[in-house]
Amino acid sequence: EISACLVGSEMCIRDRGCTVQAQGLRDSKEALDGLNVEVMGISPDAVKRLPKFAEKESLNFTLLSDEDHAVADAFGVWGLKKFMGKEYDGIHRMSFLVDENGVIEHVFNKFKTKEHHTVVLDYLADNK
């Protein structure tokens, strides 16, 4: 029985940081399963591009497309970003732990992509 869902934004195909973050979650599936946590990634990429990415990276969690940014807007993660002196609209790298009642239990917004899975597992170890 699933007791929580980890929803990760910015699982975009063309970004190395996104790939590293997705790989960490993939490699932590057994530990997350043991804590009854299901992982879902949200990507601004087109539906047709996601299966190839998921297969290439051997992802073992659901990857959903949010091309129109409706989910990103609802979670407040779509907005102005700055990179190398340029400003653009994009998705902010955050993850949400959502409990079985659909309530956001915790927001993960301070992490390096390669450490994201560890930050999540540490939080769960201390709070579950």
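The values are calculated or read from the model by the stated rules, or taken from the named source; none is laboratory data. None of these values were measured; they are calculated from a predicted model. So basically every Cβ, Gly included, is an ideal-geometry build from the backbone, and we count neighbours across all protein chains shown. Just so you know, the surface numbers come from the protein's heavy atoms only, side chains and all, with ligands and any DNA or RNA stripped out. Shrake-Rupley method; radii C 1.70, N 1.55, O 1.52, S 1.80 Å.
Looking across Gly102, Gly79, one residue alone is touching a residue at least 12 places away in the same chain (Cβ under 8 Å) and small (Gly, Ala, Ser). It is Gly79.
For the range 36-48, residues that are surrounded by 13 or more Cβ atoms within 10 Å (Cβ to Cβ) and farther than 16 Å from Gly8 by Cβ total 1. The requirement of being at pLDDT below 90 and over 20 Å from Gly102 (Cα atoms) is satisfied by Asp45. Within the range 55-69, if we keep just the residues that are in contact with a strand residue (DSSP E or B) (Cβ under 9 Å, 6 or more places away or on another chain) and hydroxyl-bearing (Ser, Thr, Tyr), the residue that is surrounded by the most Cβ atoms within 10 Å (Cβ to Cβ) turns out to be Ser65. The single condition among (1) farther than 15 Å from His116 by Cα; (2) open to solvent by 30 Å² or more (accessible area, probe 1.4 Å); (3) in contact (Cβ under 8 Å) with a residue 60 or more places away in the chain that Ala31 does not meet is (1).
When the range 1-28 is examined, which residues are found to be modelled with pLDDT under 90, acidic (Asp, Glu) and open to solvent by 20 Å² or more (accessible area, probe 1.4 Å)? If the condition is that a residue be modelled with pLDDT under 90, acidic (Asp, Glu) and open to solvent by 20 Å² or more (accessible area, probe 1.4 Å), then Glu1, Asp15 are the ones that fit.
For the range 70-123, filtered to residues that are open to solvent by 60 Å² or more (accessible area, probe 1.4 Å), within 18 Å of Arg16 (Cα to Cα) and in a strand (DSSP E or B), the residue that is modelled with the lowest pLDDT is Phe83.
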